Amino acid sequence: VTEVDVESLRPLFAGRLHTDAADTAPSLTDWRRKWTGAALAVAEPDTTADVAAVVRWCRDHSVPIVPQGGNTGLSGGATPDSSGTALVLSLRRLQRVRRIDTVGNTIEVEAGVTLERLQEVAREAGRLFPLSLAAEGSCTIGGNLATNAGGVEVLRYGNARDLCLGIEVVTADGEIWDGLRHLRKDNSGYDLRDLFIGSEGTLGIITAGVLRLFPLPAEQAAAFVAVPSPAAAVALLELAQSRLDASLTAFELMSDVCVRLLVKRVEAARLPLRERSPWYVLLEVSEMQPGARAAEAIERVLQTAIEAGVATDATISDSEARYDAIWAIREEVTEAQAREGPSIKHDISLPISEIADFVRETDAAVDAACPGLQKVTFGHLGDGNLHYNLSPPPVPRDVDAFVALEPRLNRIVHDAVMARGGSISAEHGLGALRRDEAARYKSTVELALLRAVKDALDPQHLLNPSKALP
Ligand code: FAD
Ligand code: MLT
Ligand code: ZN
């Protein structure tokens, strides 16, 4: 193997090239601190043309590339392996908002723009960019598209794929594909855009995107609702959807274990209800008509729900501060679980009608196999997407023994998901975490098609090798 002189890359592009351990370290460990790798260097080009120059250098020197945005991914997709042969290609410095069109309701931004900044720019133009997730202050639009991120407003507005009209990609060969179409309709051949969205950096580098914008809601309210069981939560969802239709913009579920962890691990966290309940729902209503009363709409639904026994108690936001406080409970769950130590995450989706039985039966199977684990079950019930996450028992704590349970627990949870017609990766992607799990459940036909796509777009297998596809 010939040594690669990474310094020969430096003069070829505008931007930064980090080789010092102190500068590269933050890019070499993931948010969960589950994966740590090594790299030749971390390159931070300034423009799409500079990204292309970096990719061409990698191609010419057979250097693997690990694309990275905000490094908030939960599946290990943005962390290089331990060989130290790869280059981490950070898109963070691609920061321009290129164009906003309030008639066509589109915005064109570069990959490194954070989701939060994109939301702000849209709001300043009187529009809503609805993708919303707890990591929005750090995650980038490039990472959102590369993982086809979901979040808490998918129920109404769809996931990153649904919100994207066009993309710009640097190919494995270092060419720039301008697919920045601002069109709602475009049937002009194979959909390359949709091939790159959700490909987790394994088919091309996303350098910019055209995203859809929506009108800003006139008024929003949120409710935090105690429910006796996941089955009751599903009944509440059915009721809320039939009454509220498109104004129901979020419907989230969480178990009381999540609240217990929040109270233990997040200083300001408080349950906004008088009494604990086994499960809770957070629902949000967004009214588009000025003068419409979002809180009153929620109240009417909850009154019926309480009479029917599918809800037992609730609080509805009556101010922006209360609305934010209700959402903060939901948004802190991931952080609270991270502070509890290592976790075993399952990002599953199911037909919604299967969810209650899935939770009941899988809880029983997990308890039988590994008694005492904390079931930090929460997620986007309105989308049929649960984070069936596990943490070690509070006491006694044997963290190594807990971590060793992962393959066994994956088998229990993922077999149950597949038996019910679900998916083992709803919104976080496969990365390093679920690559082999996903392949295990795919047919040979599907795997062959996926490999043919990879071979065609990245013949040298330099783009995020060994992620997503074995
Ligand atoms: P990174 O973590 O840097 O990268 C993720 C993957 O995309 C990697 O495979 C990487 O190689 C690739 N990649 C990144 N940028 C590019 C690019 N420009 N071109 C090609 N490939 C690229 N996710 C959800 O879907 N819903 C949630 O509700 C949610 N909540 C979260 C809450 C918390 C507290 C945290 C920490 C994470 C959460 N996530 C959630 C996961 C994460 O935020 C998303 O996956 C996000 O889309 C990742 O964006 P990023 O810029 O951080 O990407
Ligand atoms: C969320 O919805 O908050 C994250 O996607 C879930 C997670 O931490 O697993
Ligand atoms: Zn989620």
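The values are calculated or read from the model by the stated rules, or taken from the named source; none is laboratory data. If you're wondering where the values come from, they're calculated on a predicted model, not measured in any experiment. Cβ sites come from the backbone with ideal geometry, for glycine too, and all protein chains shown count toward neighbours.
Please give the strands (runs of 3 or more DSSP E) falling wholly within segment 19-102 in which 1 or more residues are small (Gly, Ala, Ser).
Because the criterion is at least 1 residues that are small (Gly, Ala, Ser), the strands (runs of 3 or more DSSP E) in segment 19-102 that meet it are 41-45, 87-90.
State which residue pairs qualify: first residue in a helix (DSSP H, G or I) and inside segment 427-442, second residue within 13 Å of ligand 2 (Cβ to nearest atom) and not β-branched (Val, Ile, Thr) in any location, beta carbons under 7 Å apart, and separation of 6 or more residues or different chains.
These pairs meet every condition: ALA438/SER425.
Run MET288 past the list (1) more than 32 Å from the chain's Cα centre (by Cα); (2) more than 17 Å from PHE224 (Cβ to Cβ) and report the number of the one that doesn't hold.
Status for MET288: all satisfied but (1).
On the given criteria, is LEU469 in contact with a helix residue (DSSP H, G or I) (Cβ under 8 Å, 6 or more places away or on another chain) and under 20 Å from LEU195 (Cβ atoms)?
Yes.
Is it the case that some residue within segment 291-300 is closer than 20 Å to GLU219 by Cα and either of a type in the set (Asp, Glu) or within 21 Å of the chain's Cα centre (by Cα) (or both)?
Scanning segment 291-300 turns up at least one residue that is closer than 20 Å to GLU219 by Cα and either of a type in the set (Asp, Glu) or within 21 Å of the chain's Cα centre (by Cα) (or both).
Please verify whether segment 414-431 includes one or more residues that are within 30 Å of VAL266 (Cα to Cα), within 16 Å of ligand 3 (Cβ to nearest atom) and among the β-branched types (Val, Ile, Thr).
Yes, there is a match, as at least one residue in segment 414-431 is within 30 Å of VAL266 (Cα to Cα), within 16 Å of ligand 3 (Cβ to nearest atom) and among the β-branched types (Val, Ile, Thr).
Which ones in segment 341-371 are within 16 Å of ligand 2 (Cβ to nearest atom), surrounded by fewer than 19 Cβ atoms within 10 Å (Cβ to Cβ) and not small (Gly, Ala, Ser)?
The answer is PRO342, and nothing else.
Could you pull out the residue among LEU409, LEU386 that is assigned to a helix (DSSP H, G or I), within 16 Å of ligand 2 (Cβ to nearest atom) and of a type outside the set (Gly, Ala, Ser)?
Working: LEU386 fails: assigned to a helix (DSSP H, G or I).
Result: LEU409 is the single residue among LEU409, LEU386 that is assigned to a helix (DSSP H, G or I), within 16 Å of ligand 2 (Cβ to nearest atom) and of a type outside the set (Gly, Ala, Ser).
Yes or no: GLU331 modelled with pLDDT of 95 or more and not polar (S, T, N, Q)?
yes
Could you check VAL210 against (1) in a helix (DSSP H, G or I); (2) modelled with pLDDT of 95 or more and say which number it fails?
Going through the list (1) in a helix (DSSP H, G or I); (2) modelled with pLDDT of 95 or more, VAL210 breaks only (1).
Just one of (1) at positive phi; (2) surrounded by fewer than 24 Cβ atoms within 10 Å (Cβ to Cβ); (3) within 13 Å of ligand 1 (Cβ to nearest atom) trips up GLY174, so point out which.
So GLY174 meets the others, but not (3).
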